Amino acid sequence: MAQTAPVSDWASDFDVMDPQYLADPFSIWDSLRETCPIPHTNRRKSSWMPLRYDDVTAIAHDIEHFSSLKVAVIPADEDEDPNENFDGPNLEYGLPPISADPPLHTWTRRLLLPWFSHKRVDSYVPLTRDLCRHLLDGFSDAGHADAAGDYAQQIPVRVIAGILGVSPDLSDTFTGWVRDILEFADDAERRQRGAEGLLNYFLSQLEERRSRPGDDLLSELLTTEVDGKPVDDGIVLGMAALVLIAGVDTTWSAIGSSLWHLASHPEDRRRLVAEPGLMPTAIEELLRAYAPVTMAREVTQDFEYHGCPMKKGDKVLMNFPAANRDPDAFADPDIVQLDRAHNRHVAFGSGIHRCAGSNLARMELQVALEEWLTRIPEFSLAEGEQITWAGGQVRGPRVLPVVFP
Amino acid sequence: MKIRVDPDKCQGHARCYGLAPEIFDVDDYGQASVIVDEVPPELEEKARLAVANCPEYAIEIVSD
Ligand code: HEM
Ligand code: SF4
């Protein structure tokens with residue numbers, strides 16, 4: 001793990017992997033928004049980090065100056081070739097559509113969207129509900145659980161495996177690879193291991209699907225034609241890997257953060273149990289307050305953005321979580337109001353890269369909370385036990401010990 | 001009340017459909033549309049909520 005010096009000046013030398021930022025990014029955003037709403041750092045790479053809602057959404061819409069070709073918050077070393085030790089098709093297109101600009105973005109996104117339409121997502125509800133109940137069976141009599149590891153972490157990966165048509169038995173392995181890529185990205189070896197594991201696995205799956213196509217997303221990507229031509233293998237591989245990478249850590253983090261909130265705010269928990277009709281608004285509010293995902297953009301040309309001298313190749317961290325806490329966009333942003341009526345949050349991004357899986361993520365979050373609250377309406381954080389949070393690209397609890405009667 | 005969705009602004013967040021499926025639909029590609037000619041009075045409040053929650057400012061009230 002790359003060791004970094006403690007941060008003393010957040011305006012000119014920020015670090016999203018700093019322990020202080022991992023523990024409490026909120027107060028750092030609050031003080032910076034007043035004095036320097038677009039802080040800069042030279043750590044890892046020259047990077048800017050807009051914290052105001054208006055800046056984050058404006059940059060997300062300005063695809064001419066801000067490209068999505070490099071979206072990793074923790075960049076790979078410039079001289080490190082991610083495909084160096086990887087025997088397979090070159091991921092020269094990265095993980096489209098997330099790491100693509102139009103036109104590649106446009107058609108790859110269109111191939112994915114129908115799989116996550118609200119109608120399709122409705123059909124995944126029974127499976128998700130059964131899964132949650134089964135997980136709860138495993139610990140609801142025990143009086144204690146790790147709400148992150150035993151529950152939240154187990155849900156999205158299995159739902160995605162079903163959509164991709166890959167074995168849910170490998171869920172723990174998938175989770176390990178995705179964490180290596182996103183959570184431990186500062187450790188080049190782990191990141192490489194995760195990427196290789198994932199890509200090699202999907203490569204073998206593509207071969208299998210080609211000979212025995214099913215009715216899953218992978219098979220469809222292999223048989224579909226765009227402008228009369230089949231989709232390049234490297235693109236299919238990138239898209240499959242993206243669906244797993246984007247759908248697992250993110251949703252698990254949202255479920256975990258929401259359970260953390262409900263464990264530590266008994267008045268909100270009891271209200272949600274008493275007024276289940278509040279659930280849809282509550283879900284949006286929890287997504288707003290604990291938005292897990294920060295993305296990156298790359299500046300395409302030297303230019304000045306609101307007084308910041310941006311240089312071609314600079315990184316811009318799209319701090320959707322900070323935008324969601326901007327007092328100019330939300331009244332009392334640091335207070336969770338389960339019935340907040342006006343809530344234009346951007347937990348799923350803004351503009352053309354709006355999360356393609358947002359319907360699925362919302363459904364999983366809602367079903368996971370409903371099933372938990374039905375079985376375990378009263379629970380609290382286990383006193384004296386350590387909660388660990390991951391941060392950087394995806395923020396959420398990784399170990400969350402709770403107790404219940 | 002008459003409302004419309006600006007197709008150039010809509011990015012398919014589906015907040016409108018989530019709040020008021022009686023008024024909006026969102027197609028397979030994330031494009032929202034208004035499925036009623038006139039918003040009936042009892043749904044006006046919901047329509048206003050959809051306007052206030054669309055992250056892309058894509059929903060307009062054409063006439064009140
Ligand atoms: C609570 C859970 C989730 C959150 C907070 C989240 C957040 C995001 C955000 C902020 C983006 C925008 C990226 C950008 O602007 O660069 C995004 C894109 C994306 N997400 Fe999610 N996501 C979640 C769950 C999922 C799930 C379950 C899937 C399932 C497949 C998914 C698939 C995608 C894809 C494919 C994109 C790329 C869209 C594009 O570039 O056009 N996400 N997500
Ligand atoms: S909420 Fe806005 S952006 Fe989302 S689908 Fe409805 S109109 Fe489109």
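Worth a mention:
- Rounded to whole Å, the principal axis extents of the Cα atoms in the stretch A:250-405 read 59, 34, 28, largest first.
- For peptide B:23-29, the mean count of partner chain Cβ atoms within 10 Å of a residue's Cβ comes to 4.
- Here the peptides A:46-59, A:321-334 are ranked by packing, the mean other Cβ count within 10 Å, and the order with the highest first is A:46-59, A:321-334.
- The portion of the accessible surface of the stretch B:2-62 made up by carbon and sulfur, rounded to a whole percent, is 50 (1.4 Å probe; DNA, RNA and ligands excluded).
- In the stretch B:2-62, Cα pairs under 8 Å separated by at least six residues give a relative contact order of 47 percent.
- As a calculated quantity, the FRET efficiency between A:Asp169 and A:Ala274 at R0 = 41 Å, using C-beta atoms, amounts to about 0.55.
- In a fully extended conformation the segment linking A:Arg43 and A:Ala11 would gain 10.3 nm over its present Cα-Cα distance, using 0.36 nm per residue.
- Nearest-0.05 FRET efficiency for B:Glu22 and A:Glu64, computed from C-beta distance (R0 41 Å): 0.60
- Per-residue mean of foreign Cβ neighbours for A:346-358 is 3 (Cβ atoms of other chains, 10 Å radius).
- Look at the stretch A:276-282: the mean tally of other chain Cβ atoms within 10 Å of its residues' Cβ atoms is 1.
- Net charge of Cβ neighbours under 9 Å - reference A:Val394; Lys, Arg +1; Asp, Glu -1: -1
- Gain on full extension, evaluated as 0.36 nm per residue between A:Arg120 and A:His144 minus their Cα-Cα distance, stands at 5.2 nm.
- Rg/Rh (Cα only; Kirkwood hydrodynamic radius) as it applies to chain A: 0.95
- Zone of A:Asp186's modelled label, taken as backbone nitrogen in the stretch A:375-392 under 11 Å from a point 7 Å along Cα→Cβ: A:391-392
- Among the lysines of the protein assembly as shown, pairs at least eight places apart or on separate chains and with Cα atoms under 18 Å apart come to 8.
- Spatial offset of the stretch A:208-253 relative to the stretch B:13-64 amounts to 32 Å, using the alpha carbon center of each.
- For the stretch A:124-141, the residues whose backbone nitrogen is under 18 Å from a point 7 Å from the Cα of A:Asp215, taken along Cα to Cβ, are A:124-128.
- Once C-alpha pairs closer than 8 Å and six or more residues apart are averaged by separation and normalised to the residue number of the stretch A:36-403, the relative contact order reads 28 percent.
- Sites A:His342 and A:Phe303 - FRET efficiency at Förster radius 45 Å, r taken between beta-carbons, to 0.05: 0.85
- In terms of overall dimensions, chain B has a Cα radius of gyration and Dmax of 10.3, 30 angstrom.
- Peptide ranges A:351-357, B:13-19 listed from the most packed, as the mean C-beta count within 10 angstrom indicates: B:13-19, A:351-357
- Where labels lie 7 Å past Cα in the beta-carbon direction, separation of A:Asp334 and A:Glu92 in nm: 5.0
- Distance between the C-alpha centres of the stretch A:375-399 and the stretch A:293-312: 34 Å, rounded to the whole angstrom.
- Sorted from longest to shortest, the spans of the Cα atoms of the stretch A:125-177 along the three principal axes equal 35, 26, 14 Å.
The values are calculated or read from the model by the stated rules, or taken from the named source; none is laboratory data. These numbers were taken from a predicted model, which means no experiment stands behind them. Ideal geometry is used to build each Cβ from the backbone, glycine not excepted, and the neighbour counts take in all protein chains shown. Side chains included, ligands, DNA and RNA excluded: accessible areas come from the protein's heavy atoms. Shrake-Rupley method; radii C 1.70, N 1.55, O 1.52, S 1.80 Å.
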